[in-house]
(Lines give C-alpha, C1' and ligand atoms only; values in the text may rest on other atoms or scores of the structure.)
Protein backbone atom coordinates (compact mmCIF):
# COMPACT_ATOMS: atom_id res chain seq x y z
CA UNK A 1 0.00 0.00 0.00
CA UNK A 2 1.34 3.43 -0.98
CA UNK A 3 2.06 5.70 1.94
CA UNK A 4 -0.44 8.50 2.42
CA UNK A 5 2.36 11.05 2.63
CA UNK A 6 3.49 10.17 -0.89
CA UNK A 7 -0.04 10.57 -2.26
CA UNK A 8 -0.47 13.95 -0.60
CA UNK A 9 2.75 15.13 -2.23
CA UNK A 10 1.37 14.11 -5.63
CA UNK A 11 -1.93 15.99 -5.37
CA UNK A 12 -4.49 17.01 -2.73
CA UNK A 13 -7.27 16.38 -5.30
CA UNK A 14 -7.38 12.70 -6.26
CA UNK A 15 -11.04 11.75 -5.98
CA UNK A 16 -14.34 12.51 -4.25
CA UNK A 17 -15.13 9.50 -2.06
CA UNK A 18 -18.84 10.23 -1.67
CA UNK A 19 -19.62 6.53 -2.05
CA UNK A 20 -17.65 3.31 -1.80
CA UNK A 21 -17.34 1.29 -3.90
CA UNK A 22 -17.59 3.94 -6.63
CA UNK A 23 -20.29 3.46 -9.27
CA UNK A 24 -17.59 2.72 -11.89
CA UNK A 25 -16.85 -0.45 -9.91
CA UNK A 26 -20.35 -1.78 -10.70
CA UNK A 27 -20.76 -4.58 -13.26
CA UNK A 28 -23.51 -6.90 -14.50
CA UNK A 29 -23.99 -9.90 -12.19
CA UNK A 30 -23.60 -13.37 -13.68
CA UNK A 31 -27.19 -14.13 -12.67
CA UNK A 32 -29.99 -11.74 -11.67
CA UNK A 33 -30.50 -11.43 -7.93
CA UNK A 34 -33.93 -11.45 -6.33
CA UNK A 35 -34.77 -8.10 -4.79
CA UNK A 36 -36.84 -9.82 -2.11
CA UNK A 37 -34.04 -12.23 -1.17
CA UNK A 38 -31.47 -9.42 -1.19
CA UNK A 39 -33.33 -7.47 1.48
CA UNK A 40 -34.75 -10.41 3.45
CA UNK A 41 -32.10 -10.37 6.20
CA UNK A 42 -31.52 -6.62 6.22
CA UNK A 43 -32.53 -4.27 9.02
CA UNK A 44 -35.27 -2.21 7.37
CA UNK A 45 -36.54 0.06 10.12
CA UNK A 46 -34.17 2.97 9.48
CA UNK A 47 -33.67 3.44 5.74
CA UNK A 48 -32.81 6.33 3.45
CA UNK A 49 -35.13 6.76 0.46
CA UNK A 50 -33.57 8.34 -2.63
CA UNK A 51 -35.62 9.26 -5.72
CA UNK A 52 -33.77 10.08 -8.93
CA UNK A 53 -35.20 12.52 -11.49
CA UNK A 54 -32.84 12.39 -14.50
CA UNK A 55 -33.85 15.65 -16.20
CA UNK A 56 -32.42 19.19 -16.27
CA UNK A 57 -33.02 22.37 -18.23
CA UNK A 58 -29.31 22.44 -19.13
CA UNK A 59 -26.22 20.26 -19.01
CA UNK A 60 -23.40 22.04 -17.18
CA UNK A 61 -19.91 21.71 -18.59
CA UNK A 62 -18.58 19.98 -15.45
CA UNK A 63 -21.53 17.62 -14.95
CA UNK A 64 -21.13 13.84 -15.17
CA UNK A 65 -24.38 13.03 -13.39
CA UNK A 66 -27.02 10.71 -14.81
CA UNK A 67 -29.24 13.35 -16.39
CA UNK A 68 -30.41 14.59 -19.78
CA UNK A 69 -31.13 18.20 -20.68
CA UNK A 70 -34.49 19.40 -22.01
CA UNK A 71 -35.97 15.98 -22.83
CA UNK A 72 -39.00 15.78 -25.05
CA UNK A 73 -42.35 15.06 -23.42
CA UNK A 74 -42.42 11.43 -24.72
CA UNK A 75 -39.28 10.73 -22.67
CA UNK A 76 -40.24 12.00 -19.23
CA UNK A 77 -44.01 11.54 -19.18
CA UNK A 78 -43.65 7.72 -19.20
CA UNK A 79 -40.81 8.03 -16.67
CA UNK A 80 -43.13 8.97 -13.83
CA UNK A 81 -45.41 6.04 -14.65
CA UNK A 82 -42.38 3.74 -14.61
CA UNK A 83 -41.24 5.27 -11.31
CA UNK A 84 -44.58 4.38 -9.75
CA UNK A 85 -44.47 0.83 -11.13
CA UNK A 86 -40.98 0.32 -9.75
CA UNK A 87 -41.96 1.80 -6.37
CA UNK A 88 -44.85 -0.65 -6.04
CA UNK A 89 -42.58 -3.60 -6.81
CA UNK A 90 -39.87 -2.40 -4.42
CA UNK A 91 -42.34 -1.80 -1.60
CA UNK A 92 -43.84 -5.27 -2.08
CA UNK A 93 -40.44 -6.97 -2.20
CA UNK A 94 -39.05 -5.19 0.86
CA UNK A 95 -42.26 -5.80 2.83
CA UNK A 96 -42.08 -4.08 6.22
CA UNK A 97 -39.88 -0.99 5.86
CA UNK A 98 -39.46 2.29 7.66
CA UNK A 99 -37.65 5.38 6.39
CA UNK A 100 -35.85 8.08 8.36
CA UNK A 101 -34.59 10.28 5.48
CA UNK A 102 -35.82 11.21 2.00
CA UNK A 103 -33.97 12.95 -0.83
CA UNK A 104 -34.92 13.88 -4.38
CA UNK A 105 -31.97 14.38 -6.68
CA UNK A 106 -30.92 14.05 -10.25
CA UNK A 107 -30.83 15.83 -12.40
CA UNK A 108 -33.07 18.59 -11.22
CA UNK A 109 -36.34 17.42 -9.62
CA UNK A 110 -37.85 20.92 -9.92
CA UNK A 111 -37.51 20.65 -13.69
CA UNK A 112 -40.86 18.85 -13.37
CA UNK A 113 -44.10 20.80 -13.28
CA UNK A 114 -46.08 21.36 -10.08
CA UNK A 115 -48.46 18.55 -11.04
CA UNK A 116 -45.61 16.16 -11.81
CA UNK A 117 -43.85 16.97 -8.53
CA UNK A 118 -47.11 16.24 -6.72
CA UNK A 119 -47.17 12.87 -8.47
CA UNK A 120 -43.63 12.12 -7.26
CA UNK A 121 -44.59 12.92 -3.66
CA UNK A 122 -47.65 10.71 -3.98
CA UNK A 123 -45.29 7.87 -4.90
CA UNK A 124 -42.97 8.69 -2.01
CA UNK A 125 -45.69 8.90 0.62
CA UNK A 126 -48.52 6.66 -0.54
CA UNK A 127 -46.59 3.96 -2.39
CA UNK A 128 -43.25 3.87 -0.57
CA UNK A 129 -44.81 4.83 2.77
CA UNK A 130 -42.35 7.59 3.70
CA UNK A 131 -43.95 10.12 6.05
CA UNK A 132 -44.10 13.79 5.12
CA UNK A 133 -42.75 14.48 8.62
CA UNK A 134 -39.31 13.07 7.73
CA UNK A 135 -36.31 15.27 6.89
CA UNK A 136 -36.63 15.65 3.12
CA UNK A 137 -34.18 17.33 0.74
CA UNK A 138 -34.81 18.43 -2.85
CA UNK A 139 -32.23 19.53 -5.43
CA UNK A 140 -33.11 22.50 -7.62
CA UNK A 141 -31.66 25.09 -10.01
CA UNK A 142 -32.43 28.83 -10.29
CA UNK A 143 -34.31 28.58 -13.56
CA UNK A 144 -36.62 25.83 -12.28
CA UNK A 145 -37.58 27.50 -8.99
CA UNK A 146 -41.04 29.05 -8.77
CA UNK A 147 -43.25 30.21 -5.92
CA UNK A 148 -45.84 27.57 -6.85
CA UNK A 149 -43.31 24.73 -6.74
CA UNK A 150 -41.89 25.93 -3.44
CA UNK A 151 -45.40 26.10 -1.97
CA UNK A 152 -45.96 22.49 -3.00
CA UNK A 153 -42.62 21.38 -1.55
CA UNK A 154 -43.32 23.12 1.74
CA UNK A 155 -46.80 21.56 1.90
CA UNK A 156 -45.26 18.12 1.27
CA UNK A 157 -42.93 18.49 4.24
CA UNK A 158 -39.67 19.35 2.45
CA UNK A 159 -37.16 20.57 5.03
CA UNK A 160 -34.13 21.32 2.85
CA UNK A 161 -33.87 23.12 -0.49
CA UNK A 162 -30.47 22.60 -2.12
CA UNK A 163 -29.71 24.88 -5.04
CA UNK A 164 -26.75 24.80 -7.39
CA UNK A 165 -25.39 28.29 -8.03
CA UNK A 166 -21.65 27.55 -8.49
CA UNK A 167 -20.69 31.21 -9.02
CA UNK A 168 -22.12 34.71 -8.79
CA UNK A 169 -19.77 35.92 -11.55
CA UNK A 170 -21.06 35.79 -15.14
CA UNK A 171 -17.63 35.13 -16.70
CA UNK A 172 -17.05 32.17 -14.40
CA UNK A 173 -20.44 30.69 -15.16
CA UNK A 174 -19.58 30.86 -18.85
CA UNK A 175 -16.23 29.16 -18.18
CA UNK A 176 -18.07 26.38 -16.31
CA UNK A 177 -20.46 25.84 -19.22
CA UNK A 178 -23.42 26.98 -17.13
CA UNK A 179 -25.60 29.53 -19.00
CA UNK A 180 -27.28 30.99 -15.95
CA UNK A 181 -28.74 34.46 -15.48
CA UNK A 182 -27.77 36.19 -12.26
CA UNK A 183 -31.19 37.85 -12.12
CA UNK A 184 -32.76 34.37 -12.01
CA UNK A 185 -30.34 33.40 -9.25
CA UNK A 186 -31.38 36.35 -7.06
CA UNK A 187 -35.09 35.74 -7.67
CA UNK A 188 -34.77 32.03 -6.83
CA UNK A 189 -32.80 32.57 -3.63
CA UNK A 190 -35.22 35.20 -2.36
CA UNK A 191 -38.15 32.88 -3.12
CA UNK A 192 -36.57 29.98 -1.21
CA UNK A 193 -35.91 32.17 1.83
CA UNK A 194 -39.53 33.37 1.75
CA UNK A 195 -40.98 29.87 1.26
CA UNK A 196 -40.74 28.74 4.88
CA UNK A 197 -38.60 25.70 4.00
CA UNK A 198 -36.33 25.65 7.06
CA UNK A 199 -32.98 24.74 5.47
CA UNK A 200 -31.42 26.25 2.35
CA UNK A 201 -28.15 24.98 0.94
CA UNK A 202 -26.15 26.80 -1.74
CA UNK A 203 -23.60 24.94 -3.87
CA UNK A 204 -20.54 26.90 -4.99
CA UNK A 205 -17.64 25.67 -7.14
CA UNK A 206 -14.00 26.68 -7.12
CA UNK A 207 -11.14 26.04 -9.51
CA UNK A 208 -12.26 27.31 -12.93
CA UNK A 209 -9.56 28.89 -15.05
CA UNK A 210 -11.02 32.40 -14.92
CA UNK A 211 -11.60 32.41 -11.16
CA UNK A 212 -9.45 34.57 -8.89
CA UNK A 213 -9.28 34.85 -5.08
CA UNK A 214 -11.14 38.16 -5.39
CA UNK A 215 -13.95 36.73 -7.52
CA UNK A 216 -14.18 33.64 -5.29
CA UNK A 217 -14.55 35.83 -2.22
CA UNK A 218 -17.25 37.81 -4.04
CA UNK A 219 -19.23 34.62 -4.76
CA UNK A 220 -19.00 33.45 -1.15
CA UNK A 221 -20.01 36.84 0.23
CA UNK A 222 -22.89 36.98 -2.25
CA UNK A 223 -24.10 33.59 -1.02
CA UNK A 224 -23.74 34.67 2.62
CA UNK A 225 -26.02 37.65 1.95
CA UNK A 226 -28.94 35.19 1.63
CA UNK A 227 -28.11 33.60 5.01
CA UNK A 228 -28.20 29.95 3.91
CA UNK A 229 -28.11 27.34 6.63
CA UNK A 230 -25.57 25.33 4.61
CA UNK A 231 -22.98 26.03 1.93
CA UNK A 232 -21.15 23.39 -0.09
CA UNK A 233 -17.78 24.31 -1.62
CA UNK A 234 -17.07 21.91 -4.49
CA UNK A 235 -13.64 21.69 -6.13
CA UNK A 236 -13.83 21.53 -9.91
CA UNK A 237 -12.91 18.13 -11.33
CA UNK A 238 -12.61 17.77 -15.11
CA UNK A 239 -14.18 14.38 -15.84
CA UNK A 240 -14.37 12.29 -19.03
CA UNK A 241 -17.26 12.88 -21.47
CA UNK A 242 -18.22 16.19 -19.84
CA UNK A 243 -18.43 19.47 -21.71
CA UNK A 244 -15.27 20.83 -20.09
CA UNK A 245 -13.23 17.75 -20.89
CA UNK A 246 -10.38 18.45 -23.36
CA UNK A 247 -11.04 22.17 -23.50
CA UNK A 248 -10.17 23.45 -20.04
CA UNK A 249 -7.84 22.72 -17.14
CA UNK A 250 -7.48 23.46 -13.46
CA UNK A 251 -4.48 23.24 -11.17
CA UNK A 252 -4.01 21.88 -7.67
CA UNK A 253 -2.31 25.06 -6.43
CA UNK A 254 -5.24 27.15 -7.66
CA UNK A 255 -7.87 24.95 -6.03
CA UNK A 256 -5.90 24.61 -2.79
CA UNK A 257 -5.57 28.37 -2.41
CA UNK A 258 -9.28 28.92 -3.09
CA UNK A 259 -10.27 26.14 -0.68
CA UNK A 260 -8.29 27.71 2.15
CA UNK A 261 -9.80 31.11 1.41
CA UNK A 262 -13.34 29.75 1.30
CA UNK A 263 -12.92 27.76 4.51
CA UNK A 264 -11.55 30.81 6.34
CA UNK A 265 -14.36 33.10 5.14
CA UNK A 266 -17.12 30.69 6.13
CA UNK A 267 -15.68 29.95 9.56
CA UNK A 268 -15.34 33.69 10.25
CA UNK A 269 -19.03 34.03 9.41
CA UNK A 270 -20.15 31.40 11.90
CA UNK A 271 -20.17 28.26 9.71
CA UNK A 272 -18.78 24.99 11.06
CA UNK A 273 -16.98 22.64 8.70
CA UNK A 274 -18.74 19.26 8.63
CA UNK A 275 -16.89 17.64 5.71
CA UNK A 276 -14.36 18.94 3.20
CA UNK A 277 -17.27 20.34 1.18
CA UNK A 278 -20.07 21.00 3.68
CA UNK A 279 -20.20 24.02 5.98
CA UNK A 280 -23.21 24.53 8.26
CA UNK A 281 -24.34 27.55 10.22
CA UNK A 282 -23.16 26.85 13.76
CA UNK A 283 -26.52 27.02 15.50
CA UNK A 284 -28.47 25.23 12.77
CA UNK A 285 -29.28 21.53 12.90
CA UNK A 286 -32.22 19.22 12.50
CA UNK A 287 -33.77 18.34 15.85
CA UNK A 288 -36.10 15.54 16.88
CA UNK A 289 -35.47 13.48 13.75
CA UNK A 290 -35.05 9.71 13.48
CA UNK A 291 -31.40 8.63 13.62
CA UNK A 292 -29.61 7.58 10.45
CA UNK A 293 -26.08 6.22 10.45
CA UNK A 294 -25.11 5.78 6.82
CA UNK A 295 -22.33 3.26 7.44
CA UNK A 296 -24.83 0.81 8.97
CA UNK A 297 -28.29 1.79 7.72
CA UNK A 298 -29.36 0.93 4.18
CA UNK A 299 -30.55 3.05 1.29
CA UNK A 300 -33.36 2.36 -1.17
CA UNK A 301 -33.10 4.12 -4.51
CA UNK A 302 -35.91 4.31 -7.05
CA UNK A 303 -35.65 5.72 -10.54
CA UNK A 304 -33.14 5.08 -13.31
CA UNK A 305 -29.63 5.86 -12.08
CA UNK A 306 -30.58 5.58 -8.40
CA UNK A 307 -28.31 3.44 -6.26
CA UNK A 308 -29.41 1.19 -3.39
CA UNK A 309 -27.26 -0.14 -0.57
CA UNK A 310 -27.63 -3.31 1.44
CA UNK A 311 -24.85 -4.56 3.66
CA UNK A 312 -23.49 -6.99 1.08
CA UNK A 313 -24.71 -5.64 -2.28
CA UNK A 314 -24.82 -2.17 -3.82
CA UNK A 315 -26.89 -1.96 -6.99
CA UNK A 316 -28.47 0.37 -9.54
CA UNK A 317 -29.36 0.52 -13.18
CA UNK A 318 -26.50 0.69 -15.66
CA UNK A 319 -24.64 4.01 -15.69
CA UNK A 320 -23.82 6.44 -18.50
CA UNK A 321 -22.53 10.01 -18.96
CA UNK A 322 -23.09 10.73 -22.66
CA UNK A 323 -26.58 11.97 -23.58
CA UNK A 324 -27.18 9.14 -26.07
CA UNK A 325 -26.34 6.48 -23.51
CA UNK A 326 -28.47 8.14 -20.84
CA UNK A 327 -31.53 8.45 -23.12
CA UNK A 328 -31.21 4.80 -24.09
CA UNK A 329 -31.15 3.72 -20.45
CA UNK A 330 -34.13 5.93 -19.55
CA UNK A 331 -36.15 4.48 -22.42
CA UNK A 332 -35.22 0.97 -21.31
CA UNK A 333 -36.26 1.77 -17.72
CA UNK A 334 -39.59 3.18 -18.90
CA UNK A 335 -40.37 -0.07 -20.71
CA UNK A 336 -39.38 -2.53 -17.98
CA UNK A 337 -41.85 -5.13 -16.79
CA UNK A 338 -42.91 -5.55 -13.18
CA UNK A 339 -40.83 -8.71 -13.05
CA UNK A 340 -37.72 -6.79 -14.16
CA UNK A 341 -38.16 -4.31 -11.30
CA UNK A 342 -38.08 -7.24 -8.88
CA UNK A 343 -34.59 -8.25 -10.02
CA UNK A 344 -31.12 -6.80 -9.45
CA UNK A 345 -28.81 -7.26 -12.41
CA UNK A 346 -26.12 -4.57 -12.02
CA UNK A 347 -23.97 -3.58 -9.07
CA UNK A 348 -21.18 -4.83 -6.84
CA UNK A 349 -21.00 -7.45 -4.11
CA UNK A 350 -19.06 -6.44 -1.02
CA UNK A 351 -16.83 -8.93 0.75
CA UNK A 352 -16.50 -8.57 4.50
CA UNK A 353 -13.26 -6.64 4.01
CA UNK A 354 -14.91 -4.26 1.51
CA UNK A 355 -17.76 -3.70 3.98
CA UNK A 356 -15.16 -2.70 6.56
CA UNK A 357 -13.42 -0.36 4.12
CA UNK A 358 -16.69 1.33 3.26
CA UNK A 359 -17.47 1.76 6.95
CA UNK A 360 -14.12 3.43 7.63
CA UNK A 361 -14.19 5.68 4.54
CA UNK A 362 -17.71 6.96 5.08
CA UNK A 363 -17.36 7.38 8.83
CA UNK A 364 -14.16 9.40 8.51
CA UNK A 365 -15.18 11.54 5.55
CA UNK A 366 -18.96 11.93 5.81
CA UNK A 367 -20.68 10.95 9.08
CA UNK A 368 -19.61 14.01 11.05
CA UNK A 369 -16.06 12.72 10.43
CA UNK A 370 -16.08 10.37 13.38
CA UNK A 371 -15.20 6.69 13.31
CA UNK A 372 -16.69 5.19 16.46
CA UNK A 373 -14.27 2.45 17.46
CA UNK A 374 -16.49 0.50 19.88
CA UNK A 375 -19.43 0.65 17.48
CA UNK A 376 -17.20 -0.67 14.69
CA UNK A 377 -16.23 -3.59 16.94
CA UNK A 378 -19.88 -4.35 17.78
CA UNK A 379 -20.85 -4.23 14.12
CA UNK A 380 -18.06 -6.43 12.74
CA UNK A 381 -16.80 -8.30 15.80
CA UNK A 382 -13.21 -7.32 15.03
CA UNK A 383 -10.80 -4.63 16.12
CA UNK A 384 -10.36 -1.52 13.99
CA UNK A 385 -6.65 -1.36 14.81
CA UNK A 386 -6.16 -4.96 13.68
CA UNK A 387 -8.21 -4.53 10.50
CA UNK A 388 -6.61 -1.22 9.47
CA UNK A 389 -3.19 -0.82 11.10
CA UNK A 390 -2.17 1.69 8.41
CA UNK A 391 -4.60 4.22 9.90
CA UNK A 392 -1.70 5.02 12.22
CA UNK A 393 -0.30 7.11 9.39
CA UNK A 394 -3.21 9.52 9.82
CA UNK A 395 -2.04 10.16 13.38
CA UNK A 396 1.62 10.41 12.37
CA UNK A 397 0.75 13.10 9.83
CA UNK A 398 -1.57 14.85 12.32
CA UNK A 399 -4.51 14.34 9.97
CA UNK A 400 -6.53 12.56 12.64
CA UNK A 401 -6.88 12.34 16.40
CA UNK A 402 -8.28 9.69 18.70
CA UNK A 403 -10.04 9.60 22.04
CA UNK A 404 -11.65 6.81 24.05
CA UNK A 405 -14.66 6.64 21.70
CA UNK A 406 -13.67 7.70 18.22
CA UNK A 407 -11.15 8.54 15.54
CA UNK A 408 -11.82 11.83 13.80
CA UNK A 409 -10.12 13.98 11.17
CA UNK A 410 -8.40 17.20 12.14
CA UNK A 411 -8.92 20.39 10.16
CA UNK A 412 -5.94 19.45 7.99
CA UNK A 413 -7.28 15.94 7.64
CA UNK A 414 -10.56 17.30 6.27
CA UNK A 415 -8.58 19.36 3.77
CA UNK A 416 -6.94 16.17 2.47
CA UNK A 417 -10.19 14.16 2.29
CA UNK A 418 -9.82 13.74 -1.48
CA UNK A 419 -6.54 11.90 -0.86
CA UNK A 420 -7.52 9.94 2.26
CA UNK A 421 -10.59 8.42 0.58
CA UNK A 422 -8.82 6.99 -2.50
CA UNK A 423 -5.87 5.93 -0.27
CA UNK A 424 -8.25 3.57 1.52
CA UNK A 425 -9.69 2.01 -1.67
CA UNK A 426 -8.85 -1.66 -2.19
CA UNK A 427 -6.74 -2.78 -5.15
CA UNK A 428 -9.65 -4.75 -6.60
CA UNK A 429 -12.02 -1.75 -6.53
CA UNK A 430 -9.35 0.48 -8.07
CA UNK A 431 -8.89 -2.07 -10.85
CA UNK A 432 -12.65 -2.15 -11.55
CA UNK A 433 -12.76 1.64 -11.65
CA UNK A 434 -9.81 1.90 -14.01
CA UNK A 435 -11.16 -0.71 -16.42
CA UNK A 436 -14.69 0.73 -16.53
CA UNK A 437 -15.76 1.87 -20.00
CA UNK A 438 -17.76 5.10 -19.91
CA UNK A 439 -20.45 5.72 -22.46
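The values are calculated or read from the model by the stated rules, or taken from the named source; none is laboratory data. Note that the structure is a prediction, hence the values are computed from the model and not measured. Backbone-built Cβ (ideal geometry, glycine too); neighbour counts: all protein chains shown.
Number of residues in segment 89-100 that are part of a strand (DSSP E or B) and either touching a helix residue (DSSP H, G or I) at 6+ places or on another chain (Cβ under 6 Å) or surrounded by 22 or more Cβ atoms within 10 Å (Cβ to Cβ) (or both): the value is 1.
Annotation note: of 392, 401, 412, the sole residue that is exposed (fewer than 14 other Cβ atoms within 10 Å of the Cβ) and touching a strand residue (DSSP E or B) at 6+ places or on another chain (Cβ under 7 Å) is 401.
Looking only at segment 322-329, decide whether some residue is outside the structural domain of residue 42 (by TED's automatic domain parsing) and part of a loop (DSSP other than H, G, I, E, B).
Going through segment 322-329, the residues outside the structural domain of residue 42 (by TED's automatic domain parsing) turn out to be 322-329.
Then drop every residue that is not part of a loop (DSSP other than H, G, I, E, B), which leaves 322.
Within segment 322-329 (the criterion being outside the structural domain of residue 42 (by TED's automatic domain parsing) and part of a loop (DSSP other than H, G, I, E, B)), the answer is yes, since at least one residue qualifies.
Before we move on, is residue 117 touching a helix residue (DSSP H, G or I) at 6+ places or on another chain (Cβ under 8 Å), closer than 27 Å to residue 323 by Cα and assigned to a helix (DSSP H, G or I)? Answer is yes for this residue.
Consider segment 49-75 and keep the residues that are assigned to a helix (DSSP H, G or I) and without any contact (Cβ under 8 Å) to a residue 40 or more places away in the chain. The one that is surrounded by the fewest Cβ atoms within 10 Å (Cβ to Cβ) is 73. If you go through segment 16-32 and keep only what is touching a residue at least 60 places away in the same chain (Cβ under 8 Å), surrounded by fewer than 17 Cβ atoms within 10 Å (Cβ to Cβ) and not in a helix (DSSP H, G or I), you end up with 18, 27, 28, 29, 32. Yes or no: residue 142 out of contact with any strand residue (DSSP E or B) (no Cβ under 6 Å at 6 or more places or on another chain), closer than 17 Å to residue 61 by Cα and touching a residue at least 60 places away in the same chain (Cβ under 8 Å)? The answer is no for residue 142. Sort out which residues of segment 369-378 are over 25 Å from residue 430 (Cβ atoms) and surrounded by 12 or more Cβ atoms within 10 Å (Cβ to Cβ), and write them in order of number. Hits for segment 369-378 are 370, 372, 373, 375, 377. Across segment 185-209, the qualifying residues are those that are touching a helix residue (DSSP H, G or I) at 6+ places or on another chain (Cβ under 8 Å) and within 18 Å of residue 63 (Cβ to Cβ), and the one among them that is modelled with the lowest pLDDT is 209.
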